[in-house]
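Take a look at the structure set out below.
The values are calculated or read from the model by the stated rules, or taken from the named source; none is laboratory data. From a predicted model like this one, the values you see are computed outputs, not experimental measurements. Cβ coordinates were reconstructed from backbone atoms using ideal geometry, including for glycine residues, and neighbour counts include every protein chain displayed.
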Amino acid sequence: MDTDQSPFRKRASGVWKNLCKAVCKLADPNQSIERKIKSKVKSGEDTLFWIDTWVGETPLKFCFPALYAIEKHKRCCVKDRMGGATGGIQFCADWFRPLNSAGEWGEWNNLIAMISGIQLVSGEDQWSWVHGGDRSFSVKSVKEMLLQPAVEDSQLKWLPLVPKNVNIFGWRMRKQRLATKLGLRLRNINVGSLFCPLCDEVEESEEHLFTSCLVSSAIWAMISDWCSIPPIFAFSISDLLQVHQTCGKSPKSQKLVQMVVLAACWCVWLARNNKVFNGNTTSKFTFGHGQKP
Ligand SMILES: [Zn+2]
């Protein structure tokens with residue numbers, strides 16, 4: 001089992017260790033036990049900055065994969081990065097190399113916004129079970145957790161021919177955990193204008209950006225034409241991720257359509273970041289060109 005997925009710190013109690021072992025043995029590999037056990041950070045000494053869930057609902061390694069890739073000490077603690085007992089936004093970075101791309105700088109800005117205002121205090125970090133909302137552990141809640149993702153994540157199968165970071169991007173998009181303007185505002189992060197960077201007409205959410213935005217709508221029209229499939233009408237991310245199942249193609253072609261749809265979403269996201277962080281506009285006719293996954 002992957003011990004990165006659970007709080008196996010020296011101070012974690014035997015109950016937590018046994019719980020994690022039992023659930024990980026039973027669980028589908030795609031399930032996310034690490035998101036159900038959340039740390040309430042105090043000193044930050046027992047919580048892994050990138051790997052444990054402690055701010056937001058997802059480990060930071062999934063929210064900021066580009067930064068995690070250049071982190072020197074993947075298992076560093078919150079205290080290692082937050083600058084000691086006074087905490088605050090003084091981030092003590094330790095990268096393999098300096099940040100050098102718009103994507104990395106974009107993640108950096110979002111990370112700082114996310115952890116700003118967090119103060120470390122004295123005392124041991126505490127762990128809680130967050131599935132179901134009442135923060136109390138029960139067999140019923142574990143059962144619900146084990147059954148729920150099998151249905152919910154059927155649209156999130158790992159695509160082996162697609163780069164790892166694009167697969168992770170797809171997961172975050174499906175879970176509405178991308179750092180869109182509306183998503184950041186909901187986390188009380190001031191992002192200025194909430195309007196979509198691509199059309200500048202509607203507030204930017206995942207659903208708008210990838211389904212109803214004028215730019216992405218034009219792209220779906222072109223893709224349905226290129227792939228010779230019925231017009232793509234998606235009203236939600238879920239609709240988008242099911243396009244391949246209803247396109248009337250063979251199972252092999254359906255997989256290709258699924259990859260094309262995910263790759264197109266990735267290109268929309270890169271174009272959006274290019275506009276937000278570099279001020280550059282990407283024509284819908286050049287989407288995907290020169291954009292490395
Ligand atoms: Zn738009």
Problem set entry | Unmet requirement for Val260, which otherwise passes all of (1) under 30 Å from Leu99 (Cα atoms); (2) within 13 Å of the ligand (Cβ to nearest atom) | (2)
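Would you point out which residue out of Leu67, Leu99, Leu120 is assigned to a loop (DSSP other than H, G, I, E, B), crowded, with 19+ Cβ neighbours inside 10 Å and modelled with pLDDT of 80 or more? Walk me through it before giving the result.
Values: Leu67 fails: assigned to a loop (DSSP other than H, G, I, E, B); Leu99 fails: crowded, with 19+ Cβ neighbours inside 10 Å.
Criteria check complete, one pass: Leu120.
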Exercise. Out of the residues in the stretch 211-225 that are hydrophobic (A, V, I, L, M, F, W, C) and in contact (Cβ under 8 Å) with a residue 12 or more places away in the chain, which is nearest to the ligand (Cβ to nearest atom)?
Worked result: Cys213
Exercise. Is it the case that the stretch 152-164 has a residue that's of a type in the set (Ser, Thr, Tyr) and at pLDDT below 65?
Worked result: yes
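For the stretch 174-189: of the residues being of a type in the set (A, V, I, L, M, F, W, C) and touching a helix residue (DSSP H, G or I) at 6+ places or on another chain (Cβ under 6 Å), which is modelled with the lowest pLDDT? Write out each step before concluding.
Step one: filter the stretch 174-189 for residues of a type in the set (A, V, I, L, M, F, W, C), giving 178-179, 182, 184, 186, 189.
Next, only the ones that are touching a helix residue (DSSP H, G or I) at 6+ places or on another chain (Cβ under 6 Å) stay: 178-179, 189.
Details: Leu178: 89, Ala179: 88, Ile189: 80.
Selected residue: Ile189.
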For this session: Kindly provide the set of residues from the stretch 182-194 that are under 15 Å from Arg272 (Cα atoms) and exposed (fewer than 14 other Cβ atoms within 10 Å of the Cβ), ordered by number.
Result: Ser193
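Could you pull out the residue among Phe137, Phe91 that is assigned to a loop (DSSP other than H, G, I, E, B), touching a strand residue (DSSP E or B) at 6+ places or on another chain (Cβ under 7 Å) and either at pLDDT 75 or above or not charged (D, E, K, R) (or both)? Break it down into steps so the answer makes sense when it comes.
On the way: Phe91 fails: touching a strand residue (DSSP E or B) at 6+ places or on another chain (Cβ under 7 Å).
The conditions single out Phe137.
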Exercise. Any idea which of (1) within 16 Å of the ligand (Cβ to nearest atom); (2) more than 18 Å from the chain's Cα centre (by Cα); (3) surrounded by 17 or more Cβ atoms within 10 Å (Cβ to Cβ) is the one Leu178 doesn't satisfy?
Worked result: (2)
For this session: Please find, within the stretch 192-210, the residue that is farthest from the ligand (Cβ to nearest atom) out of those that are touching a residue at least 40 places away in the same chain (Cβ under 8 Å) and of a type in the set (A, V, I, L, M).
Result: Leu209
